[in-house]
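Please read the structure below before turning to the comments.
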Amino acid sequence: MHYRSETLTLTTMAAIDRVDITPSVRRFVEASRLDNGLLTIISKHTTAYININEKEDRLTQDMREFLQRWVPHDHDYGHNHDTVDGRPNAHAHLIGLCMSASQSLPVINGELVLGTWQSVFFVELDGPRTARQVVLHIMGE
């Protein structure tokens, strides 16, 4: 069994942002030179998540608008009255209840297994931020 890890550092540009990390993930899998294994991708943050979905600009906008309507930023959340880092970000934590900080994907014959329309996204819910981290870890043969 072989292992390899790498940390991606990302900059997000909006309060709610989707960053397509698929090209970086594919390069990492290729550089691992593993034929078969399991890749785990994890966000190191409590207000940013990993998501697999379709890459399409209008869908990204639809998602942003849906999340903003679903859990509005300006609601009177208790967490915002006593924040850890001065950011009123309860909305981001609450949206995160329905998202995942990590995803595990198979690698078969040296290729990352994704469907035709699937891409891997880092989903920022408390941006913009200059140094978000995603850890890629692969194990296999």
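Each value in this text was obtained by applying a stated rule to the coordinates, not by laboratory testing. Values in this document were obtained by computation on a predicted structure and should not be read as measured data. Note: ideal-geometry Cβ built from the backbone for every residue, glycine included; neighbour counts use all protein chains shown.
Per-structure values
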| read-out | value |
| --- | --- |
| Farthest toward positive dipole pole in the chain [+1 Lys/Arg, -1 Asp/Glu at C-beta], among 50, 115, 23 | 23 |
| Dipole magnitude of the chain, debye to nearest 20 (Cβ charges: Lys/Arg +1, Asp/Glu -1, about Cα centre) | 260 |
| Long-range HN-HN contacts of residue 53 with modeled amide H, under 5 Å | 119, 121 |
| Shape call, the stretch 5-51: gyration tensor on alpha carbons, a/c limit 1.5 | prolate |
| Global form of the stretch 80-141, assessed from the alpha-carbon gyration tensor, a/c cut-off 1.5 | prolate |
| Sequence of 32, 100, 24, 5 once ranked by neighbouring C-beta atoms within 10 Å, starting from the fewest | 5, 100, 24, 32 |
| Degrees, to the nearest 10: 57-70 long Cα axis against longest axis of the chain | 40 |
| Mean separation of Cα contacts under 8 Å (6+ apart) over length of the chain, as relative contact order % | 56 |
